[in-house]
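Single-structure report; data block below.
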Amino acid sequence: MAGMILGSIISAAAFTIGGAIYDTNFRSSDQERHDKAVEQLQEETTKWNEKRALTLDFLNDELRKKQQAVADFANIDEALESYNELYPEEPKTEAPKKPVLSDFYVPTDETINKDYMIITGSGIISGFIVYKYF
């Protein structure tokens, strides 16, 4: 019983200390880069959603003009497929690519190496504590 309690305390301490170490290492200029990238991602995602809505409206209008539309499409992929089938002579129309965080932020090698060192170090220390005291 005492071993379980001690193990729980050690696990909680290791988790808390590991989180604190990670936070102190990540709150640097890399954190600023990450925050700016997230802001850019939000802006680009908003623009992307607007472009998708405009594309869907355009496709529904074009299909309605040709009187080929059975119903208005709610799914842009289905609308694009139908449009491209009806207009094979025109260049293929594609939906805009959804932005992702990696378009704006890629962690530096130094940050990645720090993360690996923290994970490896905490694993070794935890393993040693468990081996030594349990």
Sites LYS97 and ASP61, calculated FRET efficiency, Cβ-Cβ separation with R0 30 Å, nearest 0.05 = 0.85
Translational diffusion of region 73-117, µm² s⁻¹ [Kirkwood Rh, Cα pairs; Stokes-Einstein; 10 °C; 1.306 mPa s] = 113
Can you list the residues of region 90-125 with backbone N under 11 Å from a point 7 Å past the Cα of LYS51, pointing along Cα to Cβ?
-> 94-100
At 7 Å along the Cα-to-beta-carbon direction for both THR108 and ALA37, put a label point, then send me their distance in nm to one decimal.
-> 1.3
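We did not get these values from a lab; they are worked out from the coordinates using the rules stated. Computed from a predicted model, the values in this text were never measured in an experiment. Counting neighbours? That spans all protein chains shown, and the Cβs are built from the backbone with ideal geometry, glycine included.
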